[in-house]
Every structure is written in C-alpha cells, then in structure tokens.
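Chemist: My questions will all concern the structure given below.
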Amino acid sequence: MNKIIKLLIIIITIFFLSLYFSNYNNEYYENKTYLTQEAIKNYEKDLKEGKIILGDKYLPKEKNYNNSISKLGLKSSSLIEKLINRGLKYILGYLD
C-alpha cells in the first residue's frame, strides 16, 4: 500500500512540474505587437496626410479559435484540476 501511494505522489508531482514549466514556453506564440510592411507604409502615409492615428487600424486582426472542441478541452481540464485537488487533499489528510 505504501508503494502505491509513493508511486502516485511521484506521478502527480512529475505531472504538475511538467505543466508548470510548460507555462513558460507559451510566450513564443503570444507576440501581438508586430507590424507588417504594408501596415507600416499605411501608417506613414496616414501620418503624412494628418489623419487620426489608431493603433488597432494597423495591427493584424486576431483570429477567434473558440469552438466546441476547445470549450470541451477547457471544461475537461477544469474537471481534472478539481479531481486532482480533491485527491491530493485526501492523500495529504490521510498522511497527516
């Protein structure tokens, strides 16, 4: 019984650490401050003409990736998080 609990705690710890450190690898895809060459030309043209400059006009449009599969993934990850929290509380209460 002790071996099973130790193995379970090790697996949960490895799973937690892998998710925790993968969070720092996300920043590569979240760079939203770039301008294309065409947007820069339009900006300079509008600046010369004295038009009102709005930043949203020159940034690329963001795509909406929400769909039923992504919503299902978010709900399932939330459920898994709740189950793991309850399990850890139970195990730590048992070990206490």
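Chemist: Can you tell me which of (1) closer than 22 Å to Leu8 by Cβ; (2) under 24 Å from the mean Cα position of the chain (by Cα) is the one Lys89 doesn't meet?
Modeler: Just one mismatch for Lys89, condition (2).
Chemist: Of all residues in segment 8-31 being assigned to a helix (DSSP H, G or I) and among the polar types (S, T, N, Q), which is modelled with the lowest pLDDT?
Modeler: The qualifying residue modelled with the lowest pLDDT is Asn26.
Chemist: Okay, moving on. Go through segment 32-57 and give me each residue that's at pLDDT 80 or above, part of a loop (DSSP other than H, G, I, E, B), open to solvent by less than 100 Å² (accessible area, probe 1.4 Å) and of a type in the set (A, V, I, L, M, F, W, C).
Modeler: Matches in segment 32-57: Ile53 only.
Chemist: Which count do you get for residues in segment 58-78 that are in a helix (DSSP H, G or I) and either touching a residue at least 24 places away in the same chain (Cβ under 8 Å) or open to solvent by 100 Å² or more (accessible area, probe 1.4 Å) (or both)?
Modeler: Of the residues in segment 58-78, the ones in a helix (DSSP H, G or I) are 68-78.
Now restrict to residues that are either touching a residue at least 24 places away in the same chain (Cβ under 8 Å) or open to solvent by 100 Å² or more (accessible area, probe 1.4 Å) (or both): 69, 71-72, 74-75.
Adding up the residues that qualify gives 5.
The values are calculated or read from the model by the stated rules, or taken from the named source; none is laboratory data. Since we're looking at a predicted model, the values are computed, not measured. All Cβ positions, glycine included, derive from the backbone under ideal geometry; neighbour counts span all protein chains shown. Note: accessible area is taken over every heavy atom of the protein model, side chains too, but ligands, DNA and RNA are not part of it. Shrake-Rupley method; radii C 1.70, N 1.55, O 1.52, S 1.80 Å.
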